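Peer 1: Could you have a look at this structure, given as structure tokens, before my questions?
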Amino acid sequence: EMADKELETQKKDHENFIKNLEALQSGMEEINDETARQRLTEIVRFMVRWLYSHLVSKDTLIGRPVEIAKAKVEPETVEIKAEDNSNPFAFTSKFYTGIQFVDDEHKKLFEIIEEANNVIMDEFLYDKYDQIAHILDELLEYTKIHFSDEEEYMESINYEGLPMQRKAHALFIEKIENIDLDEVDNNQDEYLKEILDFLLNWLGNHILKVDMLIPKQK
């Protein structure tokens, strides 16, 4: 109704959510008292993960003034499209905000995420728990530093979008802090893939549609 650019992305996300719930519903007639708790836990975990990710990486962008970001990003998007497709973890020029320290810290976050991807793609590494735990700790600590630096800069220029940024940052930190390492250990590859999808999706959207609106200091 608002001609919001997020509409098509939201529709696809919603459709996938419904399909996943329908898949979880299949075979319900075979559920008994012994397996009911396990199935319910599976459904609840899926819903919590999906909803959290959807709120942070999708719903926070609804109705945001993305016109400024669009003007800054679109001219470069077509030019580097092939580069993006070859390496989804590459920090390309389309992510440049023009604020040097912000760009440097964003690049570091992309590098940490790529490091996590390299772990999951290592076929010769059987037990990835220690590496995953280390990368997640590094990501959490560096993200806190980055958000603090970014918020301090926004406060220094009296940026009106600071409250929205703080809320988004807090939700993202909470998401990382709530990652269940025991669950990672039991189902490493699948769980890490979900984490990587969330990180790339959130970080890319946040930079392009939120951080791009932060004014450069004159």
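Peer 1: Among 192-202, 32-42, 92-102, how do they line up by average Cβ neighbours within 10 Å per residue, starting with the highest?
Peer 2: 192-202, 92-102, 32-42
Peer 1: For region 129-173, build the convex hull from the C-alpha positions and give me its volume per residue in Å³.
Peer 2: Hull volume normalised by residue count: 45 Å³.
Peer 1: Give, in whole angstrom and from largest to smallest, the semi-axes √(5λ) of the equivalent ellipsoid of region 103-181, with λ running over the eigenvalues of the Cα gyration tensor.
Peer 2: Whole-Å semi-axes of the equivalent ellipsoid: 30, 13, 8.
Peer 1: Regarding region 87-218, what whole-number volume in Å³ per residue does the convex hull of its Cα atoms give?
Peer 2: Values: hull volume 12.4 nm³, N = 132.
Here the figure is 94 Å³ per residue.
Peer 1: Projected onto the charge dipole of region 93-218 (+1 at Lys/Arg Cβ, -1 at Asp/Glu Cβ, origin at the Cα centre), which of ILE179, PHE95, ILE120 gives the Cα projection farthest towards the positive end?
Peer 2: Value: PHE95.
A short reminder: the numbers here are calculations on the coordinates, not readings from a lab. Just so it is clear, the structure is predicted and the values come from calculations on it, not from any experiment. With ideal geometry, Cβ positions are generated from the backbone for all residues, glycine too; neighbour counts draw on all protein chains shown.
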